[in-house]
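Participant: The structure that follows is given in the form of structure tokens.
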Amino acid sequence: MSVEVDLLLQEAKESIEAAQNYRSELQQRLQGLNQARKQIRGSSGQAREALKRHFTELQAAAGRLLSERLAGLLAEVDAIEADSIKPLDDCQSLIEHGVGQADELLREGEAALRCGLGEKEDKLGSFTKKAMHIQLDSLPEVPALVDVPCVSAQLDDSVLSLLRDKVSRHGAVSSHPPVQIEELQERPGGILVRWCKVDEDFAAADYRLQYRRSGSGGSQYEDAYIGRDCEFLVLHLDPHTDHLFRVSARGEGRTEWSPWSVPQTGYTTLAPHEWRSGTEGYILSSRKNIALRNDSAQSRCAVLYSNGPTYFCGQTLTFKISAAGQIDQLDSLGVCMDTQSGDESLQRDQAVCISTNGAVFVNGKEMTNQLPAITVGSAVTFDMEVVNLLPVSNNNLSEGGHFKLRVTIGSGNREVVFDWLVDQAVDCLFFGCSFVHSGWKVLVF
């Protein structure tokens, strides 16, 4: 083949490869369009169903409330009518009885007047006694119309206007939620979720984060966090398992939550941090992420280490104190290159730590900088990153190492930053704790 043919073939191959890449990119964009269309149609259908269901329930509830109110008002009318009619019925019975006595007296009087002279005196005497007994001058009192109830119904026509105003402003339809998930970061046994407002006009008072296992039809979302922060670490997640996360917000002075953000899928490949079982003087939780220093040890007990070197540079390691005992200068919380049996503190070589009194130790030497003392509720964080690899030389070895890690230890609202020189390259480290006195309880994540 000539050189020209080779060039043409090369150009043809490059054009074919470019066309394949172009087609692949277009197909990916078509998939993105299909997903967008699916989200629009799916969310629109869900919104329609939610509106129909809500207003149907609202209509039924409103009808039920109106019927109950009507029944209650009618019962009040019935009670007033019954209570008011009873004394009138009693008075009517008394009057009718008096009319009957008067009729009978009239008949006896007329009969006495018509009888003969021999009987007239006896009949007239009997009639007179009977008339005096009846007390013809005593009449029952009949109440005036102003003194008896005149039942009426008071109905406020403004209720309909208020109801119309409320209904006209009840519910809303939005095309975008006011808050969206911004970032998902894997953590050991969990995921750090960050979110942000996308509607600047929305004044958020609280946020609500929910999650569920992905792909489980019967799995329901459950609350992970409600508060004012814009990030939360969701723990106790199984590694290599997809989870869906969503967030909503509640406006200032409002009780209802905003629409949910678009669910985001995240997972962690990192195994959860665990304390090592079997260390005398410590009781572990079922998940082995909480350790309690008890008083079972007769003397000072050894350092409680992690179950393995699960802390990687670039991550944040957090110790959360949920109960505190007596402070001792030999107490320690920190990170180390290896585990050494028999050590009573991390204030040793190849380790960095903080004591419960706030003192910071690097390779067993106390720094001049000090952090606040550790108490109940304290959260101590360790962040490390590789700075550089120093060339191996006698000078470097004499300085303590040829591998430099930049360490940031935070406690309260303060932190210290320093470089930690170690004598070997490392990408994962152990963590540990030691407490001289009982009562300390620490969660690691």
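The values are calculated or read from the model by the stated rules, or taken from the named source; none is laboratory data. Since we're looking at a predicted model, the values are computed, not measured. Every residue, glycine as well, gets a Cβ built from its backbone with ideal geometry; the counts of neighbours run over all protein chains shown. Note: areas computed on protein heavy atoms with side chains; ligands, DNA, RNA excluded. Shrake-Rupley method; radii C 1.70, N 1.55, O 1.52, S 1.80 Å.
Participant: For A131 paired with E280, estimate the spin-label separation in nm (one decimal), with each label point 7 Å from Cα along the Cα-to-Cβ line.
Facilitator: Between A131 and E280, the label points sit 12.3 nm apart.
Participant: Next question, about the same structure. Express in Å², to the nearest 10, the accessible area of R250 obtained by rolling a 1.4 Å probe over the protein heavy atoms while all chains stay in place.
Facilitator: Estimated to the nearest 10 Å², R250 gives 60 Å².
Participant: Assuming 0.36 nm per residue, please report the length gained on full extension of the stretch D223 to D349 beyond their Cα-Cα distance. Mind showing how you got there, number by number?
Facilitator: Values: separation 126, 0.36 × 126 = 45.36 nm, distance 4.35 nm.
Length difference between fully extended and current span is 41.0 nm.
Participant: Here is a further query. So which aspartates and glutamates pass the test for K404, namely a Cα distance under 17 Å, with those fewer than 8 places away in the same chain ruled out?
Facilitator: Within the straight-line cut-off, K404 pairs with D338, D349, D383, E385, D419, D423, D427.
Participant: A further question follows. Going 7 Å from the Cα of R53 in the Cα-to-Cβ direction, what parts of the stretch 258-285 have a backbone nitrogen less than 19 Å from that spot?
Facilitator: Under 19 Å, as judged by backbone N against the label point of R53, lie 258-263 of the stretch 258-285.
Participant: Only helical DSSP H runs with n ≥ 4 go in: add -39500 (n - 2.57) per run for the chain, normalise by residue count and round the 222 nm mean residue ellipticity to 500 deg cm²/dmol.
Facilitator: On the way: 4 runs with 147 residues, N = 445.
My calculation for the chain gives -12000 deg cm²/dmol from helical runs alone.
Participant: Between the alpha-carbon centers of the stretch 52-79 and the stretch 232-277, tell me the distance in whole angstrom.
Facilitator: Going from one Cα centre to the other spans 41 Å.
Participant: Could you give the distance between the Cα centres of the stretch 6-27 and the stretch 309-375, to the whole Å?
Facilitator: Each part reduced to its Cα centre gives a spacing of 59 Å.
Participant: So, one more: Would you kindly derive the ³J(HN,Hα) couplings of the stretch 314-322 from the backbone phi angles with the Karplus curve 6.51 cos²θ - 1.76 cosθ + 1.60 (θ = phi - 60°), listing them in order in whole Hz, with x for Gly and Pro?
Facilitator: x, 9, 10, 9, 10, 10, 10, 8, 9
Participant: While we're looking at this one, here's another question. Using θ = phi - 60° and the Karplus form 6.51 cos²θ - 1.76 cosθ + 1.60, what ³J(HN,Hα) does each residue of the stretch 191-201 get, whole Hz, x for Gly and Pro?
Facilitator: 9, 8, 9, 10, 9, 8, 6, 10, 10, 5, 7
Participant: While we're looking at this one, here's another question. Could you tell me the accessible area of S24 in Å² (1.4 Å probe, neighbours in place), rounded to the nearest ten?
Facilitator: 50
Participant: Please report, as a whole percent, how much of the solvent-accessible surface of the stretch 179-268 comes from carbon and sulfur atoms (probe radius 1.4 Å).
Facilitator: Of the solvent-accessible surface of the stretch 179-268, carbon and sulfur hold 42 percent.
Participant: From the C-alpha gyration tensor of the stretch 211-255, pull out the three semi-axes of the equivalent ellipsoid (sqrt of 5λ each), sorted largest to smallest, in whole Å. Walk me through the intermediate numbers first.
Facilitator: Details: eigenvalues 119, 36, 10 Å².
Ellipsoid half-lengths, sorted descending, are 24, 13, 7 Å.
Participant: Between A224 and residues 5 or more places away or on another chain, which pairs have amide H atoms under 5 Å apart, with H built 1.01 Å from N, and which residues are they?
Facilitator: L209, Q210, Y211
Participant: Using only Cα atoms, tell me the angle between helix 158-168 and the longest principal axis of the chain; keep it within 0 to 90° and round to the nearest 10.
Facilitator: Once rounded, the angle reads 20 degrees.
Participant: On to the next question. Can you list residues from other chains, or at least 5 along the same chain, whose modelled amide H is less than 5 Å from the amide H of E274?
Facilitator: Long-range HN contacts for E274: N307, G308.
Participant: Using only Cα atoms and rounding to the nearest 10 degrees, what angle (0 to 90) does helix 3-114 make with the longest principal axis of the chain?
Facilitator: Computed tilt is about 20 degrees.
Participant: Just to be sure I understand, if you calculate Cα extents along the principal axes in Å for this structure, which of (i) 163, 85, 36; (ii) 70, 61, 38; (iii) 138, 69, 44 do you get?
Facilitator: (i)
Participant: Rounded to whole Å and ordered largest first, report the semi-axes of the equivalent ellipsoid of the stretch 179-268 derived from its Cα gyration tensor (root of 5λ).
Facilitator: Values: eigenvalues 110, 36, 23 Å².
Ellipsoid half-lengths, sorted descending, are 23, 13, 11 Å.
Participant: May I pose another question? How large is the charge dipole for the chain, taken about the Cα centre, if only the Cβ atoms of Lys, Arg (+1) and Asp, Glu (-1) carry charge, to the nearest 20 debye? Walk me through the intermediate numbers first.
Facilitator: On the way: 43 positive and 61 negative charges, 214 e Å.
Around 1020 debye, computed over the chain.
Participant: Mind checking the per residue accessible area of the stretch 179-268 for me, 1.4 Å probe, whole number of Å²? Working shown, then result.
Facilitator: Working: 4740 Å² over 90 residues.
For the stretch 179-268, the per-residue accessible area is 53 Å².
Participant: In what sequence, largest accessible area first, do V148, V352 appear using a 1.4 Å probe? The partial results should precede the final answer.
Facilitator: On the way: V148 40, V352 0 Å².
Result of the area sort, largest leading: V148, V352.
Participant: Enter the angle in degrees (range 0 to 90, nearest 10) between the Cα long axis of helix 117-134 and the first principal axis of the Cα atoms of the chain, meaning the one along which they spread out most.
Facilitator: Long axis of 117-134 versus the principal axis of the chain: about 20 degrees.
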